[in-house]
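Reviewing the structure listed below.
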Amino acid sequence: MLTSVKVPKMFAPLFEAAEKHVKKYFSGIKRDPTKGSIEINGDRYILIRAASMSIDLFEIVRNMYAETCPDEAIQVAQNLLFDIAHTMGRQDAKNFHIKMNLTDTLEKMAAGPLYFSHCGWAFVDIFEESMPSPDENFFMIYDHPYSFEASSWLANGKKSNLPICVMNAGYSSGWCQESFGIPLVTKEILCKARGDEVCRFIMAPPAWIEKHLNKYQNRKPQSATNAAKKVAPQYFNRKLFEQAINYEKKQAQQYLDIAEVMFVTLDRDGIVTSANRKTSEILNCAKQNIIGRDWFSDFMPLSCRKSTKSVFRNMVEGVSTDNIYHENPVLTSDGRERLIAWHNTVLKNPKDEVIGTLSSGEDITERKELQGQLLQAEKMRSIGQLASGIAHEINTPTQYISDNIHFLQDGFTDILKIIGKYQEIAAQAEQGQIDTGQLSQLKTMIGELDLEYLMEEVPQAIKQSLEGVKNVSQIVLAMKGFAHPGVQTKTTHDINRAIESIIIVTKNQWKYVADMKMDFDPELPLVTGFPGELNQVILNLIINASDAITDKAGGNVTEKGTITISTRQAGEWVEIRISDSGTGIPEEIRSQVLNPFFTTKEIGKGSGQGLAIAHSVIVDKHGGTFTFETETGKGTTFIIRIPIESEEATEEQELNEQSYSVC
């Protein structure tokens, strides 16, 4: 037989079982005034006068705000008391469930009203139409015949125009929320302190509380006439608002988790505050092991940590502009590196203060590998295109080297004959007998072999051969440097020297259609980048310039055009200009020329990759700019600007100390 709660008959077995747990819990109460302690089931409790938790506390909070915001003082007091009680209800429920080993949702909830009575809050009378289900259909209507708050007000001769059992409402909804795992709030619709016969409450999820109140009003209009006007304290609206925010946050997280790009937010110190599913997947690390970590120390390879953190620092300090594009690798839990293309923006609070950054990142590791393969394929295509010309450039000096060697061979044979005759005459002279006939033969031989001609031509043949060898060597070395697959990390290199080599390699491509003019800055600083890829860009542009001049002449070049290549330092940039006097780019296709696979050349002559690769190499890989100026019928100038970067020093010891076990 239930004695400390009143429930509908169908709920009785459930509450009878719960009552056993509650009685057992409170059976071990111990009071020890010598220590000033009260213990119940191993937990310390305190006794507090009911009026101090209702009238006094309410008045204190209200008076704190009465002067500054008198119209809101009551609302503030109710908000605070409700939140305190709601939190107490949740925590007491959690503790009780653990202590009594309760796991069933309904058992957890049923213990609440009984615990409530044993603690002196109020007796609970639950109505039959109540439906305690762990979802949005949750609804409970009940009375507190002996609410400690209303009783305190009445005992002290006080009355209120508003329901005042705020802590009862907060505590009971907190207990049930913890039991069911869903947000719940309670509204007191009738209150004895206001002159009503009972203190009556409706509990429901925040989004449904008003609906249930309206139903109650329609069903019992007389008893709820006054209740409808002043029973909607601001904290219910706040709870509803919080629930809406939590729903929106959960939905936003779902949107972020379904995205196939990384989303990471950092605070001003570079600590991860949120991460989505894709971030966890790429880092091979659970989200809970990412959030709260130092992004740069734990997830950046040492080789790029300094430069990447510098980009972040510039953003949060307002040095850089918003929506910054940046590429850098991240470090996975198993020590692998994945190259990510980031778009970054700053986050601000309502005061317009920067509080951190939001970054979306796409894994471009495979794409970059494919681009590398395309780049190498483009190199091989270029080499194939230049092969016959290079062969011709090598063949010409090789041919005259061969001719000169044959000439030297024949001349040397003739000289050996003369030397042989001199040796015969020298031997006769040693014996004191010189045959005048031998001298006559020598003179005749010298005349026939034209020794004077040999003495004049042999040095010239040797000089020409050496020059030919030098030319061939230059071509071979230029080809070797161009065809080399290149390094995977940035290195410093000489742009002027690289361009000179490419001009040699491409000479047969342009020498019949254009004169090459070079205007190099002799003081040009070294730049940090990928030499092989930059060489490919410049070679493509020289070939394009030659083709443009040929196209302008209709394939029949009678008057050479001009290709001009210049270099100079422009502030913190190195600028390369490659100009031609060709056809120029028609206005209608200027917006398309940098698109992959776009070409105006005949099938089989152009791949449509040259300018697209050039743009990717200069902009994406070197952080530079790639633009052009053109005038139809007069020519085009491609302008490359590359930042002058100092190569970052990385010590061997630091690299060895890099830790890969981040998760």
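The values are calculated or read from the model by the stated rules, or taken from the named source; none is laboratory data. These numbers were taken from a predicted model, which means no experiment stands behind them. Here Cβ is always computed from backbone atoms with ideal geometry, including for glycine, and neighbour counts include all displayed protein chains. In case anyone asks, the SASA skips ligands and DNA or RNA and just uses the protein heavy atoms, side chains included. Shrake-Rupley method; radii C 1.70, N 1.55, O 1.52, S 1.80 Å.
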Suppose the chain between Ala12 and Phe26 were pulled fully straight at 0.36 nm per residue; how much longer would it get relative to their current alpha carbon spacing?
3.0 nm
From highest to lowest solvent-accessible area (probe 1.4 Å; ligands, DNA and RNA excluded), Lys250, Lys211, Lys306 read Lys306, Lys250, Lys211
In nanometres, the difference between 0.36 nm per residue of separation and the alpha-carbon distance of Asp352 and Ala391 is 7.5 nm
Given a 1.4 Å probe and the protein chains all in place, what does the accessible area of Glu448 round to, in Å² to the nearest 10?
140 Å²
Could you work out how far the C-alpha centroid of the stretch 252-287 sits from that of the stretch 541-592, in angstrom?
46 Å
Packing-ranked peptide list from 284-291, 523-530, highest mean Cβ count within 10 angstrom first, is 523-530, 284-291
Given Cβ point charges of +1 (Lys, Arg) and -1 (Asp, Glu) and nothing else, what value in debye, to the nearest 20, does the dipole of the stretch 40-133 about its Cα centre take?
480 debye
Members of Lys9/Lys30; Lys24/Lys94; Lys108/Lys250; Lys6/Lys99; Lys250/Lys309; Lys470/Lys511 lying beyond 23 Å, as alpha-carbon distances in this model show
Lys9/Lys30; Lys108/Lys250; Lys6/Lys99; Lys250/Lys309
Can you compute the modelled spin-label distance between Tyr325 and Phe520, with each label point 7 Å from Cα toward Cβ, in nm?
3.1 nm
Using the basic label-point model (7 angstrom from Cα toward the beta carbon), what is the Gln254 to Glu572 distance in nanometres?
4.5 nm
Simple spin-label model, 7 Å along Cα-to-Cβ: Ile462 to Asn41 in nm?
11.1 nm
Just the accessible area per residue of the stretch 1-71, please: how many Å² with a 1.4 Å probe?
70 Å²
Calculate, in nm to one decimal, what Tyr247 and Glu129 gain on full extension: separation in residues at 0.36 nm each, minus their alpha carbon distance.
39.6 nm
Write down the accessible area per residue of the stretch 92-162 in Å², having rolled a 1.4 Å probe over the full set of protein chains.
45 Å²
Given the whole protein assembly as supplied and a 1.4 Å probe, what does the accessible area of Phe127 come to in Å², nearest 10?
30 Å²
